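Only one structure is covered here, and it is reproduced in the block below.
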Amino acid sequence: MRRRDLPTEFHATAPVRVDLAGGWTDVAPFSTREGGVAVNAAIRLAVHVELKLGGKGIRLAALDLGVELECASAGELTLDGQLMLHKAALRMFPVQSACALTTRSDTPPGSGLGTSGALDVALVAALTRARGEHLAPQEMAEQGWYLETVEARIPGGKQDQLAAALGGFHRLTFRDPDVGVESITLDPAFAGALERQALLCYTGTSRVSGATIARVMEAYERKESRVTGALRAIKDTAEAVAEALRAADLARVAGLIAQNWRYQQELDPEMRTDDMARLEQAMTAAGALGGKAVGAGAGGCMLFVVRDARAARDAAREAGATTLPLAWAREGVRAW
């Protein structure tokens with residue numbers, strides 16, 4: 001192939017996830033000392049990356065955030081707070097000196113759906129494809145985690161990147177630096193019922209930050225019984241959720257999701273916002289079987305298992321929440 005015939009445009013897409021149980025236990029130092037367990041499922045809302053080689057300088061854009069940056073060369077990609085993941089990705093996987101890297105997400109900001117983890121993986125997929133490199137999905141997840149946590153210096157766990165890379169339902173175990181990945185195969189009829197009776201509601205941008213994560217883990221380091229007990233109970237709940245999914249027990253899944261949320265609220269007093277409390281009250285009145293915050297908490301999305309999806313959707317809207325489409329994503333990251 002002649003040089004002028006080489007491709008100059010590359011794309012990647014990666015799904016976000018709902019975490020059914022175990023979130024927070026995949027974060028160090030808990031994951032290092034006691035080992036974490038998380039159960040999550042990829043959904044069809046996704047992050048999209050487009051890389052175009054050529055032009056003048058480097059252009060970065062996050063269309064969903066309305067942020068665009070330009071610089072003359074890769075040497076100017078300083079990690080100064082704006083589009084950190086875009087910059088870190090180009091520093092890790094440099095391509096042609098002139099390029100445009102554009103991203104967008106199907107999710108609202110601060111949703112708690114693991115959007116940054118999906119972005120990590122999609123960036124790795126697009127850039128490595130442009131470089132002619134071929135990574136296995138789990139390796140893309142590992143490189144995505146390194147991109148965010150080490151290169152961009154944004155603390156977090158590994159479950160989001162794994163969901164984005166692999167798709168499907170998984171039980172994930174963490175004993176740093178090792179990660180265990182176990183696929184959960186759902187009975188098709190049960191998977192369909194769970195999808196029909198699961199309602200994903202956006203309450204507003206999450207206020208959880210690196211400071212919140214640090215506060216929780218510092219309390220664990222101090223061996224505060226409230227936090228250490230909650231983290232261990234969340235881990236046990238995740239194990240139980242994996243068993244309930246395999247047993248196709250919808251009522252038990254819903255009850256365990258609610259149990260996980262009760263323990264999660266023990267981690268930090270700001271875990272549940274007023275908007276989340278109002279939504280929970282409305283969903284309980286509408287007959288919800290159980291629900292929890294998706295992701296770290298303190299805003300973002302909540303996931304409920306409901307009896308009557310139409311009635312629950314109406315109740316969520318009256319409570320001021322926005323419902324998002326939910327369908328299971330069997331496949332993970334794709335690049336072309």
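Please treat every number below as a calculation from the coordinates, not as lab data. Computed from a predicted model, the values in this text were never measured in an experiment. Cβ placement follows ideal geometry from the backbone for every residue including glycine, while neighbour counts extend to all protein chains displayed.
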Highest average packing first - 257-268, 106-117, Cβ atoms within 10 Å:
106-117, 257-268
Asp308-Glu266 FRET efficiency (beta carbon distance; Förster radius 30 Å; 0.05 resolution):
0.45
Pick from Val181, Val253, Val305 the residue whose mean-square fluctuation is largest in a GNM of the chain, springs joining Cα atoms under 10 Å.
Val181
Round to the nearest 0.05 the FRET efficiency obtained for Thr284 and Arg207 when R0 = 25 Å and r is the Cβ-Cβ distance.
0.60
Run the simple label-point estimate for Asp274 and Glu243 please: 7 Å along Cα→C-beta, distance reported in nm.
4.1 nm
How large is the dipole of the chain about the Cα centre if only Lys and Arg carry +1 and Asp and Glu carry -1, each at its Cβ, rounded to the nearest 20 debye?
440 debye
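Mind jotting down a quarter of the surface of the convex hull over the alpha carbons of the stretch 1-111, in square nanometres, one decimal?
Computed as one quarter of the Cα hull surface, the answer is 9.7 nm².
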So what is the 222 nm mean residue ellipticity for the chain from helices alone, if each DSSP H run of at least 4 adds -39500 (n - 2.57) and you divide by all residues, rounding to the nearest 500 deg cm²/dmol?
-12000 deg cm²/dmol
Debye sum, Cα scatterers, the stretch 79-157, no solvent: what log₁₀ I/I(0) at q = 0.16, 0.17, 0.27 1/Å?
-0.57, -0.65, -1.50
For the stretch 188-324, average projected area of the Cα convex hull in nm²:
8.0 nm²
What ³J(HN,Hα) values, in whole Hz, does the Karplus curve 6.51 cos²θ - 1.76 cosθ + 1.60 give for the stretch 129-134 when θ = phi - 60°, with x put for Gly and Pro?
5, 4, 8, x, 9, 10
Tilt, helix 188-197 to longest principal axis of the chain (alpha-carbon atoms), in degrees rounded to tens, equals 80 degrees
So, with points 7 Å from each Cα along the Cβ direction, the Ala193-Val150 label distance in nm works out to 4.5 nm
12 Å beta-carbon shell around Ala242, net charge (K/R +1, D/E -1)
-1
Cβ neighbours within 10 Å, averaged per peptide: list 66-79, 12-25, 224-237 in order, most packed at the top.
12-25, 224-237, 66-79
Using a basic spin-label model with each label point 7 Å from the Cα along Cα→Cβ, how many nm lie between Ala214 and Glu133?
3.0 nm
